[in-house]
Amino acid sequence: MTTTTLQLKAKPGSSRSELVQEPDGTWTAWLKSPPVDGKANAELIALVAKRFGCAKSAVSIHSGGGSRFKRVRVETPAA
């Protein structure tokens, strides 16, 4: 398993659902879900899993669960 940690900024309540890597290496996540009852975090996990081609269970929010700035850990199979 290979573990990758992403630093990202979440923008909940957006009109789109998209994950983009910025030139400085950080990520920006536009999320349609509101930041209520963990809905935005759930959408974020699904978006990261889809982007990296792994299961949602392989993605976890390492820090910043209640913040716009998060560290997300992704475990992918070794190539």
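The values are calculated or read from the model by the stated rules, or taken from the named source; none is laboratory data. Just so you know, these numbers come straight off a predicted model, no measurement behind them. Glycine also receives a Cβ, built like all others from the backbone with ideal geometry; neighbour counts cover every protein chain displayed.
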Restricting the stretch 17-76 to residues that are among the charged types (D, E, K, R) and crowded, with 16+ Cβ neighbours inside 10 Å, the one modelled with the lowest pLDDT turns out to be 51
Matching residues in the stretch 23-40 (touching a Leu at 6+ places or on another chain (Cβ under 9 Å) and not small (Gly, Ala, Ser)) number 6
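Given the criteria part of a strand (DSSP E or B), free of Cβ contacts under 8 Å to residues at least 40 places away in the same chain and among the aliphatic types (A, V, I, L, M), does residue 61 qualify?
Against the criterion (part of a strand (DSSP E or B), free of Cβ contacts under 8 Å to residues at least 40 places away in the same chain and among the aliphatic types (A, V, I, L, M)), residue 61 qualifies.
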All conditions in (1) touching a Lys or Arg at 6+ places or on another chain (Cβ under 6 Å); (2) in a loop (DSSP other than H, G, I, E, B) are true of residue 10 except (2)
